[in-house]
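Below is one structure; the comments refer to it alone.
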Amino acid sequence: MKSKIILLAFFALFVLLVNSKTMAQDIMDFEEFMGMMSETMTENQLDQLSYNLPWNIKVVGYAYGDFSGDGSDDIVLSIIEKDKTPSKSVDVYFFQSLDNTSYKKVKKKNYKWYEVTLEVAFLVKEGKCFVTNRDDNNWYFTGFEIKNEKLVQAEKEVYPIEFENAGK
């Protein structure tokens with residue numbers, strides 16, 4: 001039990017103390033998300049983002065920063081599409097910024113969550129987009145980069161969950 005508490009404390013500090021544009025919030029309607037992002041993105045960027053996502057969605061989490069190496073803010077977001085996204089999972093979209101004027105979808109991945117949707121979280125730092133997720137036995141911290149318009153895994157750390165049956 002003590003190891004799990006230490007791991008969760010490490011995760012909380014990792015998310016709270018790292019300098020990035022990472023956002024965690026309650027699940028929000030896409031319109032609310034777009035309104036919030038209108039202070040950060042141009043109208044064209046917002047249009048491109050909305051064209052590349054399904055219509056009936058809720059936004060669970062997001063982060064933005066350069067993980068393609070071009071100096072522009074790319075964006076990653078997790079969504080739940082009504083009647084499409086499998087139960088207890090989120091769809092994660094990775095978008096590359098095109099000269100800070102529009103976005104191109106690079107990859108869509110599905111990640112399961114066990115207790116709360118926030119288990120699938122993001123951090124953009126030092127040219128990588130880190131995705132946190134877990135399974136019954138481990139926490140995973142996976143760093144991705146966009147190279148040649150493809151999402152490439154740059155690194156992966158695994159932390160065992162000990163002393164109890166996680167997700168049960």
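Summary of computed values
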| quantity | calculated |
| --- | --- |
| Estimated FRET transfer efficiency (Lys156, Glu32; beta-carbon r; R0 41 Å; 0.05) | 0.80 |
| Residue-wise HN-Hα coupling along the range 49-59, computed from phi with Karplus coefficients 6.51, -1.76, 1.60 (Hz; x: Gly, Pro) | 5, 5, 5, 9, 10, x, 7, 9, 10, 10, 8 |
| In order through the range 70-76: 3J(HN,Hα) via Karplus (6.51 cos²θ - 1.76 cosθ + 1.60), integer Hz, x for Gly, Pro | 9, x, 9, 7, 7, 9, 10 |
| Rounded to whole Hz, the Karplus (6.51, -1.76, 1.60) HN-Hα couplings of the range 84-98, x for glycine and proline | 10, 5, x, 4, 6, 8, 10, 9, 10, 10, 10, 10, 9, 6, 10 |
| Ranked list, fewest to most other Cβ atoms within 10 Å of each Cβ, for Ser68, Ser38, Ser102, Ser78 | Ser38, Ser102, Ser68, Ser78 |
| For Ile161, distant residues with modelled amide H under 5 Å away | Asn138, Trp139 |
| Rounded if a/c under 1.5, otherwise prolate or oblate - the range 39-168, Cα gyration tensor axes | oblate |
| Signed unit charges on C-beta, dipole axis of the range 15-134, positive-most listed residue Met36, Leu123, Asn133 | Asn133 |
| Residues Ile161, Ile146, sorted so that the one with the fewest Cβ neighbours within 10 Å comes first | Ile161, Ile146 |
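Readers should treat all values here as calculations from the given coordinates under stated rules, not as data from a laboratory. Source: prediction; values computed, not measured. With ideal geometry, Cβ positions are generated from the backbone for all residues, glycine too; neighbour counts draw on all protein chains shown.
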